[in-house]
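The next block holds one structure in the form of structure tokens; read it before the comments.
No lab work stands behind these numbers, since they all come straight from the coordinates. These numbers were taken from a predicted model, which means no experiment stands behind them. When we count neighbours, we look across all protein chains shown, and the Cβ atoms used for this are built from the backbone with ideal geometry, even at glycine.
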Amino acid sequence: MSVIPIYNCFHPILKKKTTLITDIDDDLVKFANDMFDTMYNADGIGLAANQVGKSVSLLVLDTNMIKQDKPGQKIAMINPEILSYSDEEVDYQEGCLSIPKFYEDVSRPSVIDVLYWDLDGNEHRITCDDILARVSQHEIDHLNGILFYERLSPIKRTLSKGKLRKIEKGDYEHNYPMIMPNGTFIESND
Ligand code: ZN
């Protein structure tokens, strides 16, 4: 098991769009498995590659990390792209491993169609609803350099400024290894 430090949301790598993956080799498969380890270690349900310092279009998710009345899905997506969105939107409280202990309701389309490649290089087109639609949209946003607080209403964003400033300064507790906005490594302080 290999746990990788998670980058604080104010580190510049998280504002950069990731690059497409052209070659699936052993290193990439190992990296994806390390991402799963890192996500489970932090009790997350999704993680994007740039959150652990690699600016490539890869995300992992496991919706079993949230209690549901149906079996969850564990997926690694290479170069995911959202092909279509439902008109209907739903509110759901989101959090993010790069923004510790910050939770806010975000409105997003309830159903999406996603195209991606798996670690064996097979192409998939899937329809995502419920929590899978939510996590996929949150993580694909990461791959495009978008953080979930940027999707809050202007009022909510204004009200969140104080909390976000504290996170930018590293003034919070976390129980998994992190890289601060200035590049400093902190094992954990919880
Ligand atoms: Zn996130």
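See the values below:
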item	result
Test: residue in the stretch 103-114 that is within 26 Å of residue 54 (Cβ to Cβ) and more than 16 Å from the ligand (Cβ to nearest atom)	yes
Selection count, the stretch 16-58, where residues are away from the ligand (no atom under 13 Å from the Cβ), at negative phi and either surrounded by fewer than 15 Cβ atoms within 10 Å (Cβ to Cβ) or not hydrophobic (A, V, I, L, M, F, W, C) (or both)	20
Test result for residue 39, part of a helix (DSSP H, G or I) and over 21 Å from residue 114 (Cα atoms)	yes
Pairs with Cβ under 9 Å, 6+ apart, first in the stretch 42-71 and over 16 Å from residue 21 (Cβ atoms) and acidic (Asp, Glu), second part of a loop (DSSP other than H, G, I, E, B) and more than 12 Å from the ligand (Cβ to nearest atom)	43/175; 43/176; 62/72; 62/73
Hits in the stretch 162-190 (condition: within 18 Å of residue 13 (Cα to Cα), in a loop (DSSP other than H, G, I, E, B) and over 20 Å from the mean Cα position of the chain (by Cα))	182, 184
Among residues of the stretch 1-40, those that are over 22 Å from residue 65 (Cβ atoms) and not acidic (Asp, Glu), counted	14
Tally, over the stretch 96-118, of residues that are within 23 Å of residue 12 (Cα to Cα) and surrounded by fewer than 16 Cβ atoms within 10 Å (Cβ to Cβ)	2
Residue satisfying all of: in the stretch 135-155; more than 11 Å from the ligand (Cβ to nearest atom) and not in a loop (DSSP other than H, G, I, E, B); farthest from residue 102 (Cα to Cα) among these	136
Criterion violated by residue 72 - all others in (1) away from the ligand (no atom under 11 Å from the Cβ); (2) surrounded by fewer than 22 Cβ atoms within 10 Å (Cβ to Cβ); (3) under 14 Å from the mean Cα position of the chain (by Cα) satisfied	(3)
